[in-house]
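The values are calculated or read from the model by the stated rules, or taken from the named source; none is laboratory data. Please read all numbers here as calculations on a predicted model, not as lab measurements. Cβ coordinates were reconstructed from backbone atoms using ideal geometry, including for glycine residues, and neighbour counts include every protein chain displayed.
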Amino acid sequence: MNIKNYKCYKCFYESRISNVKAHVNRKNKCKRSIDCNYTDQECDILNQAQFDKDNYKKIQNGNLVEIINIDTQNQIINNIQNQNNITNNHITINIDKLISFNDDWDIDNLKESQKNNLLVTNLMYTQLLKIILETEFNNNVIIENKESTHGLIFKKVNNHKQYEEISIDEIINESMIKLHKQLSTIYDNFLSTNEKYDSDNSFSDHVLKQKNLTNQKLTDFLNNKKIKNTVIDIVKKIYIDNKEDAILNQKQALSNLKNHTVINLKNGY
Ligand SMILES: [Zn+2]
């Protein structure tokens, strides 16, 4: 047996049992591998399960689903079926709908009340991003934790879909520019439809001010280092809070991509 047969299911570090045990039990969390599509909880379960002989064999045979249904105390949960159902129910999205990070997010489902709120709040960027990430197929960014310097984005290049690691700076920059564009559209739409109802223009004036404020915030973000760093922390946290859903999308996307390969093989390339 290969001595380096144990591994961390999060960062894919491989070594002998004592090293891996020390690694997964250390205080400092390791960096998620680009190929890892387990949630934090699944990583913990898989990491602990490999130190148990019976479970270890199952991992070697690739029966990950079975292992994932074993809790951290290594007690077999009898409701494997139920757990599978829960997982499947969660993934209701058609993965083809998962939006590429280089495209605009889908804001067609915005409620009237949410739009109205964006017309008056000073926190328009963070509020819009939170609303956007409530829609599953918008969830295309995975940021691990506060200390992360990089994150994963889902990306389509021509017809090729992939997860790519890019810097937090790039993620937040792109996010702010996209949010700015979408906020501007929301304000412009409001201004063009509201004109005829707003007899003394008072609300239109307000929305115009709101639009200017939104522009100013982006300018400050792009030019003022202090503001930029603060914004990065705030936006980063929103992504971290949505991490579990984003990982479930990744899991679905990657298994889908594998299926594509199989189909291509059958067609003989
Ligand atoms: Zn690790």
Segments classed as helices (runs of 4 or more DSSP H), wholly inside segment 193-269, with at least 1 members that are modelled with pLDDT under 85: 202-223, 243-266
Any pair with Cβ under 9 angstrom, 6 or more apart, that starts in segment 29-48 at a residue that is free of Cβ contacts under 8 Å to residues at least 40 places away in the same chain and ends at one that is within 12 Å of the ligand (Cβ to nearest atom) and among the aliphatic types (A, V, I, L, M): Cys30/Val24; Cys43/Val24; Asp44/Val24; Asn47/Val20; Asn47/Val24; Gln48/Val24
One residue from Ser167, Ser175, Ser148, Ser202 being without any contact (Cβ under 8 Å) to a residue 40 or more places away in the chain and surrounded by 12 or more Cβ atoms within 10 Å (Cβ to Cβ): Ser167
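Just checking, which of Asn2, Asn37 is part of a loop (DSSP other than H, G, I, E, B), modelled with pLDDT of 80 or more and away from the ligand (no atom under 14 Å from the Cβ)? Talk me through it step by step, then tell me what you get.
Numbers: Asn2 fails: modelled with pLDDT of 80 or more.
Selected residue: Asn37, the only one of Asn2, Asn37 that is part of a loop (DSSP other than H, G, I, E, B), modelled with pLDDT of 80 or more and away from the ligand (no atom under 14 Å from the Cβ).
Yes/no per residue for (1) closer than 21 Å to Asp241 by Cα; (2) modelled with pLDDT under 90:
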site	(1), (2)
Asn85	no, yes
Asn88	no, yes
Asn94	no, yes
Asp106	yes, no
Leu119	no, no
